[in-house]
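The structure under discussion appears below in the form of structure tokens.
The values are calculated or read from the model by the stated rules, or taken from the named source; none is laboratory data. Note that the coordinates shown come from a computational prediction; the quantities given were computed from them, not determined experimentally. Here Cβ is always computed from backbone atoms with ideal geometry, including for glycine, and neighbour counts include all displayed protein chains. Accessible surface is based on the protein model in full, side chains and every heavy atom, while ligands, DNA and RNA are left aside. Shrake-Rupley method; radii C 1.70, N 1.55, O 1.52, S 1.80 Å.
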Amino acid sequence: MAPQSAREKIVHAAMELFWLKGYNSTSIADLLSRTQLNSGSLYHVFPSKQDVLIGVLEAYRDGIQEMLLEPAWGAVDDPIEKIFALLNGYRTMIVESDCTYGCPIGSLALELHEPDPQVRALLAQNFENWTAAIETCLADAGRRLPANTDHRALAQFVLTAMEGGVMQARTHRDVAYFDRAVAQLRAHFRLLEEAAKSKA
């Protein structure tokens, strides 16, 4: 493995710290301690803390395939099961963290009430990329879903169920809240598939 550049060290450290502590509670001193870089090296790459945030959001945006989709979909071929495999990946993280896991993008979006336009655009792009991945699965399902299915709206609904389930599981410290959201989503997909079959 090639050695990490200063930029990569900072971004990876910031990803972890923002997830653990939140953006506002993470200081430049925290980043320096985690990366073992001096302040000159950090400010040379990222002139401000907000620039670090932008770097993190860009990394999530550009890394969705490698960081999220490929690990979830590696052994899954069925397009609808890919959706639920992705959701199961979140469930695993919830359980492994004793229900303290929060979606990194969702958590930042909730924390940053009035983000800078560039930050807001990057948050939105991350949600858009996630939704587009689900949309692709729905398109690949073909005639298993009714012909009039709004793939875009359904993909956004899947994202809403995931984010809401994660947030409630974290708040209540109980994965059952996530499981119930996924079960309702599964039931909705069954109804859609049954509707498609009835019109075949």
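Return the residues of the range 85-104 that are assigned to a helix (DSSP H, G or I) and touching a helix residue (DSSP H, G or I) at 6+ places or on another chain (Cβ under 7 Å); say none if nothing qualifies.
Ala85, Leu86, Leu87, Gly89, Tyr90, Arg91, Ile94, Pro104
Of all the residues that make up the range 73-128, how many are open to solvent by less than 70 Å² (accessible area, probe 1.4 Å) and basic (Lys, Arg)?
Number satisfying all stated conditions: 1.
Which condition from (1) in contact (Cβ under 8 Å) with a residue 24 or more places away in the chain; (2) assigned to a helix (DSSP H, G or I); (3) not hydrophobic (A, V, I, L, M, F, W, C) is the one that Glu70 breaks?
(1)
Of all residues being touching an Asp or Glu at 6+ places or on another chain (Cβ under 9 Å) and open to solvent by less than 20 Å² (accessible area, probe 1.4 Å) in the range 147-161, which is nearest to Pro104 (Cα to Cα)? Just the residue, please.
Ala155
What are the residues in the range 34-47 that are within 15 Å of Phe18 (Cβ to Cβ) and surrounded by fewer than 18 Cβ atoms within 10 Å (Cβ to Cβ), if any?
Arg34
Please determine whether any residue of the range 105-125 is part of a helix (DSSP H, G or I), out of contact with any helix residue (DSSP H, G or I) (no Cβ under 8 Å at 6 or more places or on another chain), more than 30 Å from Thr26 (Cβ to Cβ) and not charged (D, E, K, R).
no
Restricting to the range 162-200, give me the number of residues that are crowded, with 19+ Cβ neighbours inside 10 Å, of a type in the set (A, V, I, L, M) and without any contact (Cβ under 8 Å) to a residue 60 or more places away in the chain.
Selection size over the range 162-200: 1.
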